[in-house]
Amino acid sequence: MAKKTKSNTTVIINDYLPTPTQAKAHGANQTYKLFGGARGGGKTIWLVQEANALSLEYPGNIGFMGRYQRSDFKRTTLQELLKIIPPTLIKSHNQSEGYLEYINGSVIHYAGLSEQEGISKLKSLNLGWYAWDEASEIPHECFLMIEPAMRHTLPDGRKPPYFRLFATNPRDCWLVDLFFKEGINEPYTFYDTKRREERTVNLIVTPSTIYVPSLPRDNPYLPDNFEENLRKFYPDDYVKVYLEGDWGANLEGLLLLKSSWVRAAVNREVTIEDRPALGCDVARSEQGDETVITYGIGNSIISLDCSRGQSITETAGKLIAMSNSKKTKMVAIERDGLGVGVCDNVKEAKVRHLAVQMGSKEGFTDFDKRTYFNVRAKVWWHVREMFEKGLVSIPNDPKLIRQLSGIQYSYRSNGTLIVEPKEETKTRIGGSPDRADSLALYLWGVSKLKDPAKDYRRRIQSYDFLKSKEDNPYGWKYSENYQEEIYA
Ligand SMILES: Nc1ncnc2c1ncn2[C@@H]1O[C@H](COP(=O)(O)OP(=O)(O)OP(=O)(O)O)[C@@H](O)[C@H]1O
Ligand SMILES: [Mg+2]
């Protein structure tokens, strides 16, 4: 690629010849650009070429490049960047501080955004552009944090184009809201030199944003059998996401609740049993996430009460009042962080409740120990079964629906099932899944209420439970501290 420097001498930077989709994304005037959508579409190359061009075309420009994990960035994106910048144009490269200085005064800072160091960088810089690789891994907070930094003025007094560049594989995250919500389809036709035919892809555009999809088949530089091999190796859901760039498919195989199950549960008519109950997920700090109280009757969730900045006593007071007015038979509360205080207050008020410590293995039978990583996994697996069997009804709350459809699970190397920690869901979907957690606690609490039809199964379960007490090497009596079954 030939580029003009300030002194108008043309220097040959590299022999980069963009693919048609790369060219389209390079040329777009929109400030926010999202490129990619599948493996090997040429995303990283596109991103580093943009970074280099912005540094050369605007001497004294300051940019920021990042990925979520610094190690991933250094191993992949940084290597590609260093490959395309002629060494003679680099004045210095400080690996420990994470910046690269050009002889024309431009600087590219880089960092991993999972680390405090990376976050501090975002807060302290004035930038003319930024470029994130695998941007869907990066939390929404970082995006909000970097926006005020976009105010760098070039040494000659000009304002650089404040490009925000994102390259990523598809994933249901904040980028979907940013690029797809208001965007309209715009067909883009180009000649596919490899297949010798015209092809059309759908761009999604607004005046300030553009999404340019790029699939492996749009990248003639890949080996011939690249896509074919991955097709053989990937399960169907992976094919949809990583080869066909389907933002909606979202690896349902790993998702705890399929979005179709969640959608079908909205306002579903279920048999109402007379089991009014509450579930409560307490925010981890008084300034932090939402404290959510779920109210329902049996498997029908009626309302969610969400608030921020509530104290322990306020939350407990609200729970006690709601429990009295709704005549609930159960209040399930997460006993973690501030939840401990809430549980204490509720207990003191003699409200029938179940304190659930999600991160523990409390009350685990031998079977549970082999099956679930912790109580959180067991609780969520129960919720999954309820949704899969179509037994739950939920209100039409978009945040709740988004959170429920965003939780993932996996298996640890020893075969136990683990539901991802809240922080990870938060990172991906751009918000803490507090509503979903509150609902899970609610359904778990309701499942502990006595239901005559399930008496027989319960007898067997409680037998297992007693047996596990004997097996317990610590000599604890779980039943003394934790009610395994609560009778209405
Ligand atoms: N315009 C180009 N000119 C030459 N090679 C290219 C071009 N675009 C992409 N490639 C090559 O295609 C391959 C895939 O490109 P790249 O790594 O940028 O894709 P990606 O979408 O970031 O892939 P991944 O999903 O694996 O991160 C690389 O070997 C890269 O060098
Ligand atoms: Mg890449």
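Give the residue from GLN116, ILE84, TYR32 lying farthest towards the positive end of the charge dipole for the stretch 19-125; charges sit on Cβ (+1 for Lys and Arg, -1 for Asp and Glu) and the dipole is referred to the Cα centre.
My answer, from the dipole projection, is TYR32.
Run the simple label-point estimate for LEU154 and GLU423 please: 7 Å along Cα→C-beta, distance reported in nm.
The modelled label-to-label distance comes out at 4.1 nm.
Rounded to the nearest 5, what % of DSSP beta bridges with both residues in the chain are antiparallel?
Around 50 percent of the beta bridges assigned by DSSP in the chain are antiparallel ones.
With labels modelled as points extended 7 Å from the Cα through the Cβ direction, what inter-label distance (nm, one decimal) is found for ASP246 paired with MET145?
So the label points at ASP246 and MET145 sit 3.5 nm apart.
Taking 0.36 nm per residue of sequence separation and subtracting the Cα-Cα distance, how much length would be gained by fully extending the chain between THR88 and ASN267, in nm to one decimal?
58.0 nm
Kindly list the residues of the stretch 77-116 that lie in the label zone of SER285, defined by a backbone N under 20 Å from the point 7 Å along the Cα-to-C-beta vector.
Only 113-116 fall inside the zone, counting backbone N under 20 Å.
List the residues of the stretch 349-369 whose backbone N lies under 12 Å from a point placed 7 Å from the Cα of SER325 along the Cα-to-Cβ direction.
Label zone hits: none.
Hey, what's the Kirkwood Rh for the chain if you take every pair of different alpha carbons, in angstrom? Before the final figure, lay out each step's value.
Values: mean 1/r = 0.0394 Å⁻¹.
Here the Kirkwood hydrodynamic radius works out to 25.4 Å.
Any chance you could run the full-extension gain for GLU57 through THR206? It's 0.36 nm times the residue separation minus the Cα-Cα distance, nm to one decimal.
51.1 nm
What is the packing order of peptides 352-364, 33-45, taking the mean over residues of other C-beta atoms within 10 Å and listing the highest first?
Output ranking for 352-364, 33-45: 33-45, 352-364.
Assuming R0 = 41 Å, can you tell me the calculated FRET efficiency for the pair GLN95 and ILE302, based on Cβ-Cβ distance, to the nearest 0.05?
0.15
Among 425-436, 18-29, what's the highest-first ranking by average C-beta atoms within 10 angstrom per residue?
The most tightly packed comes first, giving 425-436, 18-29.
Roughly what would the spin-label model give for GLN79 and TYR191, points 7 Å off Cα along C-beta, in nm?
3.5
So which trypsin sites (Lys or Arg not before Pro) in the stretch 273-340 are both in a DSSP loop and have at most 13 other Cβ atoms within 10 Å of their Cβ?
Answer by residue number: ARG308, LYS327.
So what's the stretch 2-243 giving for Cα Rg divided by 2.2 N^0.38 Å, two decimals?
1.00
For the chain, what relative contact order do you get, as a whole percent, if you take Cα pairs closer than 8 Å and at least 6 residues apart?
Once divided by the residue count of the chain, the mean separation gives 14 percent.
How large is ³J(HN,Hα), in whole Hz, for each residue of the stretch 109-115 in order, when computed from phi with the Karplus curve 6.51 cos²θ - 1.76 cosθ + 1.60 and θ = phi - 60°, using x for Gly and Pro?
Residue by residue, the stretch 109-115 yields 8, 9, 6, x, 8, 7, 10 Hz.
Normalized C-alpha radius of gyration of the stretch 259-447, against 2.2 N^0.38 Å?
0.97
Between ASN225 and ALA23, what is the FRET efficiency for a Förster distance of 35 Å, r being their Cβ-Cβ separation, to the nearest 0.05? Spell out each step's value before the answer.
Details: r = 25 Å, r/R0 = 0.72.
Calculated transfer efficiency: 0.85.
How big is the C-alpha Rg of the stretch 272-356 next to the rule-of-thumb value 2.2 N^0.38 Å, as a ratio? Could you put the intermediate results ahead of the total?
Working: Rg = 11.8 Å, N = 85, 2.2 N^0.38 = 11.9 Å.
Compactness ratio reported: 0.99.
Do any GluC sites (Glu not before Pro) in the stretch 274-324 lie in a loop, going by DSSP, with at most 15 other beta-carbon atoms within 10 Å of their beta carbon, and if so which?
Those that pass, being in a loop and sparsely packed, are GLU286.
Using mean Cβ contacts within 10 Å as the protection proxy, how do 162-168, 114-120, 103-109, 139-145 order, highest first?
My ranking of the peptides, most packed first, is 162-168, 103-109, 139-145, 114-120.
Rule-based calculations on the coordinates, nothing more; no lab input. All figures in this text were calculated on a predicted structure; none of them were measured in a lab. Cβ: placed from backbone, ideal geometry, glycine included. Neighbour counts: every protein chain shown.
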